[in-house]
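Okay, structure first, notes after.
The values are calculated or read from the model by the stated rules, or taken from the named source; none is laboratory data. Treat the numbers as computed from the prediction; the structure is a model and nothing was measured. Cβ placement follows ideal geometry from the backbone for every residue including glycine, while neighbour counts extend to all protein chains displayed.
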Amino acid sequence: MDSNLQNREIAVKISGVKKMYRLGQIGGGTLRGDLESWWARIRGKEDPNTLIGTDQRLMGQTFMALNGIDLTIYKGEAVGIIGGNGAGKSTMLKLLSRVTAPTDGQIDIYGRIASMLEVGTGFHGELTGRENVYMNGAILGMTKAEIDAKMEDIIEFSEVRDFIDTPVKRYSSGMYVKLAFSVAAHLDSEILIMDEVLAVGDMAFQKKCLNRMRDAAQKEGRTVLYVSHNMNTIRQLCDRCIVLDKGRVIFEGDVETAIGIYSGTGISDLPVTYDLFDTQRPSAQHGNDLRIEKLEFLADRRAAFARSEGVSFRITFEARKRITNLKLYFVLKASNGTTVGLVQTLDSITDTEPGKRYTYVFFFDCSNLAEDTYCFSPDLFADDGNGKHWSVDQPVCDIRFKIVDEHPVGLNWNLTYYGNVRLNPVTVVRGGVLHEEG
């Protein structure tokens, strides 16, 4: 760990924390349903409230949402927490916010916490925006005079001045998040806990929120814990990042390294072959007239390609109807989820015949891509030649490959500042010493 961090004051210390849930014991929706399920289990009967097809073996099993977490977070830090769905991110924040208690382990918190775990958390729908501000301040132990001193700043930042005396049950989701964030950011708390708070709201407000959280950490010395699937906001806000997977911390440290591990760039071996026949489709119509069976990268062991060599892959598909002027396209996305661009075939691949299987090798030039891990979902579509086209099959999947730069030239590439597209270099056309007239 960085020696500079060790010399700072601790804001949060998590030691051996576990959180266990029991699957299928309660949660039928009503007390009557839970009692019926309990009575059926006592008698060894089938649960009358279980959906047809549900695996009865899940009843009574346990699920470890967090399984031995040890973390130390220091005052004035902005820490990002990332990971896939079900990794344990929201559970951790709920434990820190004392919404629920850990099954095992200890959490020490040094300071007051203001948390925003979802839109409208801590708000009472029947109370006005102003009344909810007072209620949240009182929960933090602030006096009415202290809240009054901050009320104008809260209203101004929230951009809901015209509706501040309206019951919040009438607010849109955007208005909710604006007021909720403003309350959390301005009231007296040493620790801010934010879970996907910027998923709702316009771009201008998101930028303002990021600036406010950055100021809270850097200028006011407050601690910010921020969960998001938006890697751009993680980059802009956080000093340090934690990656969770299946309830465990798999990385703690530099933001870019953490994002790389989360997105797959930290994985040395990406799959070469993808079996796509049974993969989900975006609609019932996709895959009926033609079905993509497999995509294979033409690589030895892993889907990694040098910028200079380009990317080659093979697609195998079965035609069930005659399709004329079949083409391929896909949207290429970077490791942080941003769209890089459109890749497509300009010429027709083939005209299919029913009952036949086809295999084609594709190649695209990647010399203008920066070193990163990219993903796409292949889409085979029909084109009538007059500007009208329709998707025939598109598996819902993330096909991943990595671009490596074996012989880098020019500036050291930084994805945060330069993006994923390496534009063609500037060349000197003419010039020389400028001779001044005597």
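Taking the criterion of being in a strand (DSSP E or B) and not charged (D, E, K, R), would at least one residue in the stretch 282-289 satisfy it? Within the stretch 282-289, none of the residues are in a strand (DSSP E or B) and not charged (D, E, K, R). For Met142, indicate whether it is under 13 Å from Val183 (Cα atoms) and assigned to a loop (DSSP other than H, G, I, E, B). For Met142, the condition - under 13 Å from Val183 (Cα atoms) and assigned to a loop (DSSP other than H, G, I, E, B) - is met. If you check Met142 against the conditions, is it touching a Phe, Trp or Tyr at 6+ places or on another chain (Cβ under 8 Å) and of a type in the set (A, V, I, L, M, F, W, C)? Here the answer is no, as Met142 does not meet what is asked.
Taking the condition out of contact with any Lys or Arg (no Cβ under 6 Å at 6 or more places or on another chain), in a helix (DSSP H, G or I), on the phi < 0 side of the Ramachandran plot and surrounded by 15 or more Cβ atoms within 10 Å (Cβ to Cβ), does Ala217 pass?
Working: out of contact with any Lys or Arg (no Cβ under 6 Å at 6 or more places or on another chain): yes; in a helix (DSSP H, G or I): yes; on the phi < 0 side of the Ramachandran plot: yes; surrounded by 15 or more Cβ atoms within 10 Å (Cβ to Cβ): yes.
Taking the combined requirement at face value, the residue satisfies it.
Assess whether Thr279 counts as being of a type in the set (Val, Ile, Thr), modelled with pLDDT under 95 and in a loop (DSSP other than H, G, I, E, B). In short, yes. Filter the stretch 74-127 down to the residues that are under 24 Å from His186 (Cα atoms), surrounded by fewer than 17 Cβ atoms within 10 Å (Cβ to Cβ) and not acidic (Asp, Glu) and list them by number. Listed by number, the residues that qualify are Arg98, Val99, Tyr110, Gly111, Arg112, Thr121, His124, Gly125, Leu127.
Scan the stretch 290-309 for residues that are surrounded by 13 or more Cβ atoms within 10 Å (Cβ to Cβ) and assigned to a loop (DSSP other than H, G, I, E, B) and report the count. Full working, then the answer.
Here is the first cut: in the stretch 290-309, the residues surrounded by 13 or more Cβ atoms within 10 Å (Cβ to Cβ) are 290-299, 302-307, 309.
This time we only want the ones that are assigned to a loop (DSSP other than H, G, I, E, B), so: 298-299, 302-303, 307, 309.
The qualifying residues number 6.
Which one of these is crowded, with 22+ Cβ neighbours inside 10 Å and either without any contact (Cβ under 8 Å) to a residue 40 or more places away in the chain or part of a strand (DSSP E or B) (or both): Val224, Val249?
Details: Val249 fails: crowded, with 22+ Cβ neighbours inside 10 Å.
Only one candidate passes the filter, namely Val224.
Scanning the stretch 220-242 for residues that are modelled with pLDDT of 85 or more and either outside the structural domain of Glu196 (by TED's automatic domain parsing) or of a type in the set (Lys, Arg) (or both) turns up Arg222, Arg240.
Report whether or not Asp347 is modelled with pLDDT of 95 or more, over 23 Å from Asn424 (Cα atoms) and outside the structural domain of Gly84 (by TED's automatic domain parsing). So Asp347 does not fit the description; no. When we screen Cys209, Cys241 for residues that are without any contact (Cβ under 8 Å) to a residue 40 or more places away in the chain, touching a helix residue (DSSP H, G or I) at 6+ places or on another chain (Cβ under 9 Å) and either in a helix (DSSP H, G or I) or not aliphatic (A, V, I, L, M) (or both), the only hit is Cys209. Among the residues of the stretch 427-434, is any basic (Lys, Arg), in the same structural domain as Ser377 (by TED's automatic domain parsing), free of Cβ contacts under 8 Å to residues at least 24 places away in the same chain and assigned to a loop (DSSP other than H, G, I, E, B)? Looking for residues that are basic (Lys, Arg), in the same structural domain as Ser377 (by TED's automatic domain parsing), free of Cβ contacts under 8 Å to residues at least 24 places away in the same chain and assigned to a loop (DSSP other than H, G, I, E, B), one finds none in the stretch 427-434, hence no.
Taking helices (runs of 4 or more DSSP H) that fall entirely within the stretch 1-104, which contain at least 2 residues that are in the same structural domain as Ile242 (by TED's automatic domain parsing) and at pLDDT 80 or above? First the steps, then the outcome.
Details: elements: 3-6, 31-42, 89-96.
Where helices (runs of 4 or more DSSP H) fall fully within the stretch 1-104 and carry at least 2 residues being in the same structural domain as Ile242 (by TED's automatic domain parsing) and at pLDDT 80 or above, they are 89-96.
What is the number of the single condition among (1) out of contact with any Phe, Trp or Tyr (no Cβ under 7 Å at 6 or more places or on another chain); (2) at pLDDT 85 or above; (3) buried (at least 17 other Cβ atoms within 10 Å of the Cβ); (4) outside any strand (DSSP E or B) that Leu192 does not meet? Answer for Leu192: the failing condition is (4). Applying the set (1) surrounded by 16 or more Cβ atoms within 10 Å (Cβ to Cβ); (2) touching a residue at least 40 places away in the same chain (Cβ under 8 Å) to Thr233 leaves exactly one unmet item: (2).
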